[in-house]
Every structure is written in C-alpha cells, then in structure tokens.
Number of protein chains: 2
Amino acid sequence: MQQAPITIRNKIRHGELTRYTSGFAPGFVQCNLVILPKKYADDFSKFCQLNPKPCPLIATSENTGDFTIEKLGHDLDIRTDIPLYRLYEQGELIKEVTDIVDIWQDDFVAFLLGCSFSFEEALLAEGIEIRNISEGKNVPMYKTNIDCTPVNQLEGKMVVSMRPMSPADAIKAIGICSQYPKVHGAPIHIGDPAKLGVLDIDSPDFGDAVSVKEGEVLVFWACGVTPQLAIQNAKPDICITHSPGYMLITDIPNSQMKTATGDLC
Amino acid sequence: MQQAPITIRNKIRHGELTRYTSGFAPGFVQCNLVILPKKYADDFSKFCQLNPKPCPLIATSENTGDFTIEKLGHDLDIRTDIPLYRLYEQGELIKEVTDIVDIWQDDFVAFLLGCSFSFEEALLAEGIEIRNISEGKNVPMYKTNIDCTPVNQLEGKMVVSMRPMSPADAIKAIGICSQYPKVHGAPIHIGDPAKLGVLDIDSPDFGDAVSVKEGEVLVFWACGVTPQLAIQNAKPDICITHSPGYMLITDIPNSQMKTATGDLC
C-alpha cells in the first residue's frame, strides 16, 4: 500500500527512512531545497525568477525564520523532513547531516524548487522508458557552457540532466514536459551534446552515466543542481541544501504542476 | 488590409485569384480536399480515423451530394472555391481544372483535412523561422517507409513534410504543434531521415529542397499528401483533390484548432 506524504515525512523525521526519496509517494511533488539567510534571499529569489527553467520556484518560507511551509504539506518541518542535507559555508560543502534543527537560524529563508521526479512520472505514465530508472541509476547531469542570468554574486553555468530516447519518445516527452513548467518544463536541448559544451557523454559531472542505444536522441533538461553551482560561486556565509536525490516530499499532487497553457520558452 | 475568407473565396470562384493560397487570409484554417463517390466514403472516413496524423479530418459533406459546407464557411461552394483541382480516374491523375461544376456528381462526398499552414502560422507567431517560407519555396515532402493503417484497398506509405530548425526551435515547435492535433499535430520524427527510409534529403518526392544549416535538426511532420498516395493505390473510378498548395480557405480561425489537452501520439 502507498503511504501518504505525511506518513513518509514523519518516518524521515524520526530517522526511520534514510534513503533517497525516488519512488516514495508516487503522484506527489518532490522538491529541491535551498536555505539562505534573509540578506541573500532577495538575490536568490530574483535568480529563480530570471532562471525559471533550472530554478522553478514552487514555494518559500512565508515569514523569515519559518520552518513550516503549510502550503506544501501539513505539519511539514523543513528542518527534519528531508533524509539528508548539505551544509555549505562560504560556498564550500562542509558536511552532510540528517537534520538541521541545531543549525537553524531565525534569519533563514527556505526556497523549494520543482524536481524532475514529477515529469519522469508523467513520462512513465505515457509508456516512455526513462533510462536512469530502468537501469537503476541516478540521472546523468552535466555542467554546460550556458551562463545563467546572474544576480550580483549569484552566477554560474546551467547544469542539465540527460535522458536518451527514441526520436518518437523524445517528441512525446517534449510535448508532455511542455505542460509542466514548474518542474523544469520542456527540454532545453536535443541532439549534439557538444553544442552545450559537453564533450564526453559517458562522463557526467554528477550522477551516473547511462547507456545510449543506436538511433536514440539525447534529450537535455535544465536541472535543479544549477543553483548549487551559483551558490558555490556566491559564497554566502552559510547555505543549506538537500543532498541530491534526497528531496522534500510534499502533499501537492503532480497533476497540479500541469498547466493548460504550457511552457514554450 | 487583410481580406475576409469569404471575399477571397468569391474572387477564386470568379477566376480573379488563381495562385496557390499560402499567405491568403492569415489567421484562418486552410484545408486539404478529397472528394470521392459515396461508395468509397465509408472506407475513406475510416482511413482518416485510423491515420489521424496525416489525415486529420475537419469536416465532410453534411449529406451526400452537398457542395456547400456551411460549417466551414458561409456561402462556400466546394466546386468553385479552390483555385486548382486534380481529377483522378482509377488512381491516375488525369488533369488539373479550375472548377468542378461540370463533373460534380450527386453521389460525391467531400472530405476536408487540416493543413500545415495553420501550425506554420503558430510557429511564425512564436518567432520560429520556417525555412520553406523564408526561402520562398514549397515545403519539401518525402515518401517514407511507414505504412499507413490500411482500410480495404486504401493503403500506402505515409508522406512527411520536413522543416530544419535549431534544436531549441525544434523543441518549441514540438511543444506548440502538440497543441494542434487537427492540423497534423506534433512531428512524427526528428533527426536521422534514414530511419524513415529517406536516403537523400536534397531530393524530396514532392515540393522543393530547402537548405539545412550546420547544427540544425530535421523535423518531420505527417503530411496531407498521404491520402493521395492511398487513393492512387485504391484506384477508385473517380476522385477529386485540391492541387498541392491550392487549398480551401475556411471561415474557421486557426485558434480553434488549438486544444488544451494536446496531441501526444
């Protein structure tokens, strides 16, 4: 039996679930997390607005210092409900921790960004094979030569995830993902990886390489790892993110991420 | 000043406009035409149902023998309102004529199919270059190795049209066209033409070759010429079609061809 998001969050909170969240609470949105002190929040909010494909902002703390985000989930506590967090200081990864209760600050603002898990589920539902899922791997991610639109010190290259598909499936996937702008939306590139500055598709910068079959086309989506690079460049005093693959499970159905108008940029 | 569809149809009817209809009545749907005797109509109707990408049926004669189709246009006369018709007998092209008043039969049924002009307009509106338009050519069309779903003697290969684009524009085009299922909808293939059995992209079977720039991806759409091949194979006693490029201009706005749900097949 499927468990409700709140049940899973409670287990995570109490250390009963410690693994990455892929496959948990199917049908519900999972989110990337970025927490920053208030003094950096306006810049990061603007960075999300200007770079909506890699940083599709779904929610923020209602008030500075809030660790509940009722809009995303009942009784949700952003300090405890993610299995693994990353602590950055001056843009450097210091350590990974299973909760941030002790390091929470009253000036923190949490940002929750859409995640590819939502669109992968929509693609699977249409019978499209997702290679990283069928091979039991983390999706391959690559640093590109595409500059994000900078906001003060927040600047960096866009990171993309890649899924190989038959041309027919790639067309279906583009049509489907165009309807999900809040979870990265339509791909940003198809075909030759060299156009993105990616010279070796078998050596991803993050995640695992997946096999590519004869006749398949490479499909590239903007990736939620992008803001982590910008934060490494901006070097804020402190920043907390989720650990890749260990996402926040929300009460929001994936279907709510679908828009009639679509996303064609 | 733009002329209303009815004004243009009247000029065509009276021999005052004799050229192909690309660029006329922007914003309004233009249609492919197939006219067959009643005894073949059920088969052709089923062929359209089973092959909706190349044969997106928009309207038929309300009653057998009707040459008006009020649903498509006020005072429309299907015998006179297209600039150039093709007459087939036993599947062979006999001649082209500027009206079919003298050869109209009481047992005729007219089928009107969606046309790529509608989606080309939607793509241009989003700033996407259409190579055949910018080079002032007819779109290149190719006979593929894809079998249509046959209905009795109606059988044949799918014909596709091709438009080269940057990968980014191809993604936008797929997203847009997915929303226009009644005018061929999403492309059926991207990338390697050999997968469709097309060995020389510079030698289209119909229309004109267009230039392909470095780094562009080839995007292939199902094409309204497809039913003409099936009819050549089925060899009905008599069949009338429009001449490629000389379409029926309707009163229906292109915007009505857009669906919220889209077309993902």
Report summary line: Mean-square fluctuation maximum in Gaussian network of chain A, Cα pairs under 10 Å, restricted to A:Ile240, A:Ile171, A:Ile12, hits A:Ile171
Query raised in the report: Angle, helix A:116-125 long axis vs. longest principal axis of chain A, Cα atoms, 0 to 90°, nearest 10?
Result: 40
Requested in this report: Under a 10 Å cutoff between Cα atoms, tell me which one of A:Asp102, A:Asp237, A:Asp77 has the largest fluctuation in the Gaussian network model of chain A.
Outcome: A:Asp102
Query raised in the report: How far, in nm, would the chain grow between A:Gln105 and A:Gln256 when pulled straight, counting 0.36 nm per residue and subtracting the alpha carbon separation?
Result: 51.2 nm
Query raised in the report: Rounded if a/c is under 1.5, else prolate if a/b beats b/c, else oblate: with a ≥ b ≥ c from the C-alpha gyration tensor eigenvalues square-rooted, which is the range A:1-157?
Result: oblate
Report summary line: So, in nm and shortest first, the distances from B:Lys213 to its counterparts in the other copies, with label points 7 Å along Cα→Cβ, work out as 3.4
Requested in this report: With θ set to phi - 60°, apply the Karplus curve 6.51 cos²θ - 1.76 cosθ + 1.60 along the range A:79-86 and write out the HN-Hα couplings as whole Hz, x wherever there is a Gly or Pro.
Outcome: 7, 10, 9, 10, x, 8, 10, 10
Requested in this report: For A:Lys235, list the aspartates and glutamates whose Cα falls under 15 Å from its own Cα; do not include residues on the same chain fewer than 8 positions away.
Outcome: A:Asp43, A:Glu89, A:Glu92, A:Glu155
Query raised in the report: What nm distances, shortest first, do you get from the label point of B:Leu50 to those in the other copies when the point sits 7 angstrom along Cα to Cβ?
Result: 5.7
Query raised in the report: Rounded to the nearest 0.05, what FRET efficiency do A:Asp237 and A:Ser211 have when you use their Cβ-Cβ distance and R0 = 25 Å?
Result: 0.05
Query raised in the report: By how many degrees, 0 to 90 and rounded to 10, does the Cα axis of helix B:167-177 deviate from the longest principal axis of chain B?
Result: 30
Query raised in the report: Sequence-distant or interchain residues sharing an amide H contact under 5 Å with B:Gly73, placed H: which?
Result: B:Asp251
Requested in this report: Mind giving me the nanometre distance, one decimal, between the label points for B:Thr7 and A:Tyr20, set 7 Å out from Cα along Cα→Cβ?
Outcome: 6.3
Report summary line: Placing +1 on each Lys and Arg Cβ and -1 on each Asp and Glu Cβ in chain A, then taking the dipole about the Cα centre, the residue among A:Gln90, A:Thr21, A:Gln49 whose Cα reaches farthest towards the positive end is A:Gln49
**Report entry** Exceeding the 27 Å Cα-Cα cut-off - candidates B:Lys95/B:Lys143; A:Lys182/B:Lys195; A:Lys172/B:Lys39; B:Lys11/B:Lys46; A:Lys258/B:Lys195; B:Lys11/B:Lys38
**Finding:** A:Lys182/B:Lys195; A:Lys172/B:Lys39; B:Lys11/B:Lys46; A:Lys258/B:Lys195; B:Lys11/B:Lys38
Query - Cut-off of 10 Å, at most 15 other beta carbons, DSSP loop: longest stretch of chain A lacking such trypsin sites (Lys or Arg not before Pro) - result: A:138-212
**Report entry** Magnitude of the charge dipole, chain A, Cβ model with Lys/Arg +1 and Asp/Glu -1, debye to 20
**Finding:** 280
Query - Dipole magnitude (debye, nearest 20) for the range A:1-95, charges at Cβ of Lys, Arg, Asp, Glu - result: 240
Query raised in the report: What residue among B:Ala25, B:Ala209, B:Ala194 shows peak mean-square fluctuation when chain B is described by a Gaussian network model with Cα springs under 10 Å?
Result: B:Ala194
Query raised in the report: Which of the lysines could be linked to A:Lys137 by a straight reach, that is with a Cα gap under 20 Å, when you skip same-chain ones fewer than 8 residues away?
Result: A:Lys213
Report summary line: Given a Förster distance of 35 Å, the FRET efficiency implied by the Cβ-Cβ spacing of A:Asn63 and B:Leu50, rounded to the nearest 0.05, works out to 0.05
Report summary line: Measuring from its Cα centre, the protein assembly as shown shows a charge dipole (+1 at each Lys and Arg Cβ, -1 at each Asp and Glu Cβ) which, in debye to the nearest 20, is 40
Query raised in the report: With θ set to phi - 60° and the Karplus curve 6.51 cos²θ - 1.76 cosθ + 1.60, what are the ³J(HN,Hα) couplings of the range B:43-50 in order, to the nearest whole Hz, using x for Gly and Pro?
Result: 4, 5, 4, 5, 4, 5, 4, 7
**Report entry** Separation between Cα centres of the range B:104-179 and the range B:52-66, rounded to whole Å
**Finding:** 17
Requested in this report: State, to one decimal in nm and shortest first, how far the label point of A:Asp107 sits from each corresponding label point in the other identical copies (label point: 7 angstrom along Cα-to-Cβ).
Outcome: 8.8
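FYI, it's all coordinate maths here, none of it is from the lab. Just so you know, these numbers come straight off a predicted model, no measurement behind them. All Cβ positions, glycine included, derive from the backbone under ideal geometry; neighbour counts span all protein chains shown.
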